[in-house]
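Heads up, the thing below is written out as structure tokens.
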Amino acid sequence: MENNSKILFLLTNYFNEEEVFSFISEQLKPKKNKFIDIIITNNGSKNSSILENKITAFQNVTLLKSAFNLGYFGAANIGLTHYLNQQKEYPKAIIICNTDIKLAPDFFSVLQNKLSSENFDILGPSIYSSFSKQFQNPYITSRIKKNKLLFLKFTSSNPLFYKAFTIYHVLKSKTIGSKNKITENSNPYAIHGSFMIFNKTFFLNGGTINYPSLLFGEEIFIAEQAQKLKMITLFDPNLKLEHAEHATTKIFKSNENINYLHQSYCYLLKTFF
């Protein structure tokens, strides 16, 4: 199958082999969906042989190995680089996503229609969080303010500050119930990082997923590139999926991850604001 009809999934395995394989076999169904290529980057998991043995049943699934954690976009970038080295050209679309995801039955038919009929560079689906009972897209409707980033940088500068802010945020989200339930297409500033769809035009027109920070802030990194390069970001409520939020990344981050979060905010502020 030619690359101009392919959809490439870039997945990360970080000590969650069973979840990754379940997502591939039950949601992506590579034996049935021949238009899909899947690259998994093993982010330092020590027991990747379990996953490696299971995916041998699929011809269009590749497992790459890294001895250490490359981060979310870092792992995806390794996968994309490998794909380009092999295929020499971009596929029709590239999807970077979590593996704690359940796709709607018509997801791929809706996506294929969108890819053939709409002009966009970045596409966000309707993401329902089974944890917060909220819709996560559009993630940020208009450009984030510098003062907001400065506040987030401050809250992540100390683990106690961050954990207090997290408790407040969780309680608030539980109180207000479902939000962001938008039923029409829109052009948001940023889409949620748990499932990001890129038209190949994003990369051909100068976009990159080569994110210098290890974790967090990827949505703003992409959004700022889109603004600078005058790209089109779309949200489509007809593309539906469910996100088992925090199944992999816990609500209360470790002190190490809070530090990564702080570093990301520092990078974003320095680079874009």
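The values are calculated or read from the model by the stated rules, or taken from the named source; none is laboratory data. These figures come from a predicted structure and were not determined experimentally. Positions of Cβ are backbone-derived with ideal geometry, glycine not excepted, and every protein chain shown enters the neighbour counts. Each accessible area value is taken on the protein alone, full model and side chains, heavy atoms only, with ligands, DNA and RNA left out. Shrake-Rupley method; radii C 1.70, N 1.55, O 1.52, S 1.80 Å.
Counting only protein heavy atoms, what percent of the accessible surface of the chain is carbon or sulfur at a 1.4 Å probe? Please report the intermediate quantities before stating the final value.
Numbers: 6870 of 13230 Å².
Whole-percent figure for carbon plus sulfur exposure: 52.
Where nothing but the Cβ of Lys and Arg (+1) and of Asp and Glu (-1) is charged, how large is the charge dipole of segment 1-110 around its Cα centre, in debye to the nearest 20? Show your work: numbers first, answer last.
On the way: 11 positive and 10 negative charges, 48 e Å.
Computed about the Cα centre, the dipole is about 220 debye.
When a/c reaches 1.5 or more, the comparison of a/b and b/c decides; with that in mind, is segment 192-273 rounded, prolate or oblate per its Cα gyration tensor? Each step should come with its number before you reach the end.
Values: a/c = 2.50, a/b = 1.19, b/c = 2.11.
Judged from the Cα gyration tensor, segment 192-273 comes out oblate (a/c at least 1.5, b/c at or above a/b).
In the structure displayed, which of 32/65; 31/102; 92/230; 34/133; 65/92; 133/200 lie more than 29 Å apart, Cα to Cα?
Details: 32/65 26 Å; 31/102 18 Å; 92/230 20 Å; 34/133 33 Å; 65/92 25 Å; 133/200 32 Å.
Cα-Cα > 29 Å for 34/133; 133/200; rest within.
Would you tally the net charge around residue 75, using a Cβ to Cβ cut-off of less than 13 Å, leaving residue 75 out, and scoring K and R as +1, D and E as -1? Working shown, then result.
On the way: positive: 65; negative: 218.
Once positives and negatives cancel, what remains is 0.
Given only helices, namely DSSP H runs of n ≥ 4 each adding -39500 (n - 2.57), what is the per-residue ellipticity at 222 nm of the chain, to the nearest 500 deg cm²/dmol? Walk me through the numbers before you get to the answer.
On the way: 9 runs with 102 residues, N = 273.
Calculated at 222 nm, the ellipticity per residue is -11500 deg cm²/dmol.
Would you mind getting me the FRET efficiency between residue 230 and residue 29? Use the beta-carbon distance for r and R0 = 35 Å, nearest 0.05. Show your work: numbers first, answer last.
On the way: r = 36 Å, r/R0 = 1.04.
That pair, residue 230 with residue 29, gives E of 0.45.
Once Lys and Arg get +1 and Asp and Glu get -1 on their Cβ, which of 119, 154, 4 lies farthest toward the positive end of the dipole of the chain?
154
Quick one: dipole size for the chain, taken about the Cα centre, charges +1 on Lys/Arg Cβ and -1 on Asp/Glu Cβ, in debye to the nearest 20. Each step should come with its number before you reach the end.
On the way: 30 positive and 20 negative charges, 130 e Å.
Using only the charged Cβ atoms, the result is roughly 620 debye.
Normalised by the number of residues in the chain, what is the relative contact order in percent for Cα pairs under 8 Å and 6+ residues apart?
Working: 471 pairs, mean separation 67.2, N = 273.
Worked out over the chain, it gives 25 percent.
Any idea of the accessible area per residue across the chain, 1.4 Å probe, to the nearest Å²? Write down the numbers at each step before the final one.
On the way: 13230 Å² over 273 residues.
The answer is 48 Å² per residue.
Tally the DSSP beta bridges in the chain and give the antiparallel ones as a percent, rounded to 5. Kindly include the intermediate steps, with their values, before the conclusion.
Details: 13 of 38 bridges.
Taking every DSSP beta bridge within the chain, about 35 percent pair in antiparallel fashion.
Taking 0.36 nm per residue of sequence separation and subtracting the Cα-Cα distance, how much length would be gained by fully extending the chain between residue 204 and residue 158, in nm to one decimal?
Values: separation 46, 0.36 × 46 = 16.56 nm, distance 3.97 nm.
Result: 12.6 nm gained on full extension.
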